[in-house]
Amino acid sequence: MKHIILDTDPGIDDALAFILAFNSPELKVEAVTTVAGNVNHIKGHRNAKKLMEFLGVTDIPVCAGAVIPLIKKLGHAEEFHGKTGLGDSELPEPTMTTDPRSAVDIIIEKADELGKDLTLVAVGPLTNIAVAILADPALPEKVDKLVIMGGAFNLTPYGHGNANSVAEFNIWLDPEAAKIVFNSGIPIIAAGLDTTTHPEYRMSREM
């Protein structure tokens, strides 16, 4: 059993991550943390709760995180994800409450509690992870690893990036956060555009 925190900016693509995470018997989702990205932080946080209620999961903490990138101006991807962030789907408004802890607080708390049994899974910009590392510089040594959806490591159908000619969206949206995370020493498995744009690729279950 792998314990994970799902750090997310839902997002149509992140909706698929929710479905997979909550239906994989080998995973135990300890918390969901939200970050501004595909849509603003209010829509993204609401979408996380909508998805969890849609999946029948209401007993896991949902914690709000960063509302803007560390330095640069917040962008969005509503042209891809629709005004709601979920392809303009009409899921019911959520009724579950937001956990009072911040995303950073619960990341640090669960890292202290679970140690190497915890994997961080970030499918949005890396702002929450970066701030958690700044708040607890020992975090990279405490957890097992960080799995991210981000980066563009080889040529893709978009060229080398999808936010511009060289940058993938999640990294582009908060490059300073990405730099902190990649330089922190935390073990990273990255699924970049060269993987995510080729659905015929299969990721090992050993990950």
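No lab work stands behind these numbers, since they all come straight from the coordinates. Just so you know, these numbers come straight off a predicted model, no measurement behind them. Methodologically, a virtual Cβ is constructed for each residue, glycine included, from the backbone with ideal geometry; neighbour enumeration extends over all protein chains shown.
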(request) Return an integer: the convex hull volume of the alpha-carbon atoms of the chain, in Å³ per residue. (result) 117
(message) At 222 nm, what value in deg cm²/dmol follows for the chain if DSSP H runs of at least 4 each add -39500 (n - 2.57) and the sum is divided by all its residues, to the nearest 500?
(response) -9000 deg cm²/dmol
(request) Please report, in debye to the nearest 20, how large the charge dipole of the chain is about its Cα centre when each Lys and Arg carries +1 at its beta carbon and each Asp and Glu carries -1 there. (result) 200
(request) Pop a pseudo-label 7 angstrom from the Cα along the beta-carbon direction at both residue 59 and residue 20 and give the gap in nm to one decimal. (result) 2.6
(request) For segment 1-67 and segment 82-142, compute the distance between their C-alpha centroids and round to whole Å. (result) 8
(request) Just name one of 24, 35, 63: the one whose Cα is farthest towards the positive end of the charge dipole of the chain (beta-carbon charges, Lys/Arg +1, Asp/Glu -1). (result) 35
(request) Given the peptides 129-135, 90-96, arrange them by the average over their residues of other C-beta atoms within 10 Å, most packed first. (result) 129-135, 90-96
